[in-house]
Amino acid sequence: MQAWLHDSIQWLLATLSLPEIGLSAIFAVSLVSATLLPMGSEPAVFAYVSLSPHQFWPAVLVATLGNTLGGAISYAMGAGAEKAYESWRQKHPHQDDDAQGAALKQKAAGRWHAFSSRWLTRLGPAALLFSWLPAIGDPLCAVAGWLRLPFWPCVFYMAIGKLARYITMTAGLLWIFPHLGW
């Protein structure tokens, strides 16, 4: 099953990076890759810019837009999950008082949960400058929604971080592999 999923993702990335599909594919791939799905958009952006070097800035800007919108979707998912949890907690108050439930909640939260919540709350929306990081960035957007950090400042910082990543990654790959592009 994993091999089929891997092959399907590889096929999708190869197809969407074709010049005939263009910037709309870059937008779609970058949007989907910014959700909690395990997918990267950099190969598609790099492949497209390698085939059409004059499209560097449009590709980077479209990828940033799609990836930022995907981050905003993750933020909304986090905010929705927090709202659903609070609603459930209000409807089931007796389960919060359960000693076993409290012990499980404490174990699940742990010191990393406390550390990350304090860190994110202290930095606020500026923490989303790190939303570009692999494995951390997408959940970071969702946690910002869970913590109800201000939406538009979060989106602003997401966009800055993601733009910096696309510029750095794409230009770096073109510099490392000059025979493929410019």
Requested in this report: Could you check, for the stretch 52-59, whether at least one of its residues is assigned to a loop (DSSP other than H, G, I, E, B) and more than 11 Å from the chain's Cα centre (by Cα)?
Outcome: yes
Report summary line: Considering the stretch 156-182, residues that are more than 26 Å from SER52 (Cα to Cα) and surrounded by 18 or more Cβ atoms within 10 Å (Cβ to Cβ), and then whichever is farthest from the chain's Cα centre (by Cα), we arrive at TYR157
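Mind checking whether some residue in the stretch 25-33 is in contact with a Lys or Arg (Cβ under 9 Å, 6 or more places away or on another chain) and under 20 Å from PRO134 (Cβ atoms)?
Yes, because at least one residue in the stretch 25-33 is in contact with a Lys or Arg (Cβ under 9 Å, 6 or more places away or on another chain) and under 20 Å from PRO134 (Cβ atoms).
In the stretch 132-177, which residues are among the small types (Gly, Ala, Ser) and either farther than 19 Å from GLY80 by Cα or in contact with a strand residue (DSSP E or B) (Cβ under 8 Å, 6 or more places away or on another chain) (or both)?
Taking the stretch 132-177 first, the residues among the small types (Gly, Ala, Ser) are 135, 137, 142, 144-145, 159, 161, 164, 171-172.
The answer is ALA135, ALA159, GLY161, ALA164, ALA171, GLY172.
Sort out for me the helices (runs of 4 or more DSSP H) sitting completely within the stretch 93-182 that have 2 or more residues that are over 20 Å from VAL60 (Cα atoms) and modelled with pLDDT under 95.
So the answer is 93-97, 99-123, 137-146.
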**Report entry** Index of the failed condition, GLY40 passing every other in (1) under 24 Å from ALA144 (Cα atoms); (2) of a type in the set (Gly, Ala, Ser); (3) at pLDDT 90 or above
**Finding:** (3)
Report task. Give the residue that is modelled with the lowest pLDDT, with candidates limited to residues of the stretch 11-37 that are within 25 Å of ALA142 (Cα to Cα) and assigned to a loop (DSSP other than H, G, I, E, B). Result -> LEU36
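The values are calculated or read from the model by the stated rules, or taken from the named source; none is laboratory data. Please read these numbers as outputs of a predicted model, since none were measured by experiment. Here the Cβ is made from the backbone with ideal geometry for all residues, glycine too, and neighbour counts use every protein chain on show.
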